[in-house]
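All remarks here apply to the structure that follows.
The values are calculated or read from the model by the stated rules, or taken from the named source; none is laboratory data. Nothing here was measured: the structure is a model prediction, and the numbers come from that model. Methodologically, a virtual Cβ is constructed for each residue, glycine included, from the backbone with ideal geometry; neighbour enumeration extends over all protein chains shown.
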């Protein structure tokens, strides 16, 4: 039987979500011969160059590193071949060309933060919560041409509670992901992998996609139900954050406000959705199609995130205001 030190692995990933899996591989004694991450990008007000979390980890652990601008570039392909990987692992990276994913003897597998074939795409955790799902999970699968469609190797399910937001589920899946990748690598080493084509997997209901999230995706539609808005907010909290515009009497420019935490309030009314009800001190309720949404945590432009009662101590919002 092959030893884990004999399996040459190349790891590809960029954000914090991908660091935990890389850490599990390195600390588990697996033979990571190289790491590939996105090129450095300027960030913040000073446009300082920031290393990705995966690059930071690779540097700290003296792992060989490549940061290609283009994945079809000949110099990158040559450098990748020189690592002589038998297996490639991808976690939160980018779409790979066939010349890359088809290179190793044991192929390339990906860790995806959903129960495939549901929620294929760039933002699976966000969309699962925004759609009010009560269950999600992680999947390892072999890469092929169409994105997120390859044969499934293993899956782990977890519940989504009504109070979970993206931050909570992200961290749970990140920790589980490290363990699942190790189990998948061990199955490849032991020759016990039995992958299943996604089209043969039982799916309840329609397939839901998880496309990239843009600013317009995050805007709150106050015409919707309290439950839909509640799920929308927690599906975008803490990042990139749901938002709305605060319209104040006598103020020409509406104020963009980020909203991080809400509560559902069932109460019949006959007022326009988006209307605000507040005592100016402790609560901020917004009329919606079937009741009210209570705002519990929010952020004004250029300020830090605050609880509603904290914000109302220093910023005046009245019942003449509204959200649109």
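Tabulated results
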item	result
Residue list for the range 171-187, filter: touching a residue at least 24 places away in the same chain (Cβ under 8 Å) and either closer than 16 Å to residue 131 by Cβ or surrounded by fewer than 18 Cβ atoms within 10 Å (Cβ to Cβ) (or both)	175, 179, 182, 183, 186, 187
Qualifying residue in the range 34-53 (condition: buried (at least 16 other Cβ atoms within 10 Å of the Cβ), assigned to a helix (DSSP H, G or I) and in the same structural domain as residue 170 (by TED's automatic domain parsing))	yes
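Here is a yes/no grid of residues against (1) surrounded by 17 or more Cβ atoms within 10 Å (Cβ to Cβ); (2) modelled with pLDDT under 95; (3) in a strand (DSSP E or B):
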{"position": "133", "(1), (2), (3)": "yes, no, no"}
{"position": "139", "(1), (2), (3)": "yes, no, yes"}
{"position": "145", "(1), (2), (3)": "no, yes, no"}
{"position": "148", "(1), (2), (3)": "yes, yes, no"}
{"position": "153", "(1), (2), (3)": "yes, no, yes"}
{"position": "156", "(1), (2), (3)": "no, no, yes"}
{"position": "163", "(1), (2), (3)": "no, no, no"}
